[in-house]
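Let me begin by presenting the structure, written as structure tokens, before commenting on it.
Here, each number is a calculation from the coordinates, and none is a lab measurement. Everything numeric in this text was worked out from a predicted model, so none of it was measured. Here the Cβ is made from the backbone with ideal geometry for all residues, glycine too, and neighbour counts use every protein chain on show.
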Amino acid sequence: MAASAVSSLTFFSLLIIFSSTLTMAADPDILTDFIVPPNATMGVDGSFFTFTGLRSLPGQAPPTTFTVTKVSLKEFPALDGQSVSYAVLQYPSGTTNPPHTHPRSAELLFLIDGALEVGFVDTTNKLYTQSLQTGDVFVFPKGLVHYQFNADAQNPALAISAFGSASAGTVSLPSTLFVSNIDDNVLAISFKTDVATIQKLKAGLAPKA
């Protein structure tokens, strides 16, 4: 009887630990004010906390394709442990940010210029859409598939996105499904089509030489 009680206690203890791990799936808290990269050879100063990679954006020629300029942990080491990051998104006329997810953060998009059609799909497959105008802010919930589209045939759009993670991650559905070498038969069965159609999609998404 005692052994059974101990076994039950162990099981519930492990269950609690596992549940806690799931509910805390986010950037971990840090025990210092900030984190200095281990390969830093000198002490840090204000420049360590300054990202200058966006200075060139105002003067450069507008892009001809949808362009994202990230300010995440990879580009800005001072974000380590701070649970924040940014991205600047540029949408020429008629371009889209294809359906994708951010597995580690919600996205708060601020439309600085232009207009955008945006949307996300929840776990019941319900689609939520909105037409955004300059000055609008829209939130894409964490982990849900979403997109943005500049339907304006004449004018570009510009937005800034904020994330609650130093490394939110991006899973682009077209690339993930059709550029990752998933077997053609698996995709054909999954999408209820034929292998020839899948191969055509893969060819269209293949990186240009």
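Karplus-derived 3J(HN,Hα) values for segment 27-34, using 6.51 cos²θ - 1.76 cosθ + 1.60 with θ = phi - 60°, are 4, x, 5, 10, 9, 10, 4, 7 Hz; glycine and proline are entered as x. For the chain, the 222 nm mean residue ellipticity estimated from helices alone, with every DSSP H stretch of n ≥ 4 adding -39500 (n - 2.57) and the total spread over all residues, rounds to -7000 deg cm²/dmol. Annotation: amide H of V179 has no partner in the under-5 Å range at sequence separation 5 or more or interchain, hydrogens built in the peptide plane.
The 3J(HN,Hα) values that the Karplus relation (6.51, -1.76, 1.60; θ = phi - 60°) gives for segment 75-80 are, in residue order, 8, 9, x, 5, 6, 4 Hz. Gly and Pro appear as x. 3J(HN,Hα) couplings calculated from phi for segment 144-161 with the Karplus curve 6.51 cos²θ - 1.76 cosθ + 1.60 (θ = phi - 60°) are, in sequence order, 8, 5, 8, 7, 9, 9, 8, 7, 5, 7, 10, 10, x, 10, 9, 9, 10, 10 Hz; Gly and Pro show x.
Pull out a ≥ b ≥ c, the square roots of the eigenvalues of the alpha-carbon gyration tensor of segment 113-199, then state rounded if a/c is under 1.5, prolate if not and a/b is larger than b/c, and oblate in the remaining case. In terms of gyration-tensor shape, prolate.
Within the straight-line cut-off of under 24 Å between alpha carbons, the lysines reachable from K74 are K142, sequence neighbours fewer than 8 places apart in one chain being disregarded. Near the amide H of D152, within less than 5 Å, lie the amide hydrogens of G94, all on another chain or at least 5 residues away, with H placed in the peptide plane. About its Cα centre, segment 99-209 has a charge dipole of approximately 280 debye under the convention of +1 per Lys or Arg Cβ and -1 per Asp or Glu Cβ, with nothing else charged.
Computed with the Debye formula from one identical point scatterer per Cα of segment 46-176, without solvent, the log10 of I(q)/I(0) at q = 0.21 Å⁻¹ comes to -1.34.
Which value, in debye to the nearest 20, gives the size of the charge dipole of the chain about its Cα centre, when Lys and Arg are +1 and Asp and Glu are -1 at the Cβ?
Numbers: 10 positive and 15 negative charges, 88 e Å.
Dipole about the Cα centre, nearest 20: 420 debye.
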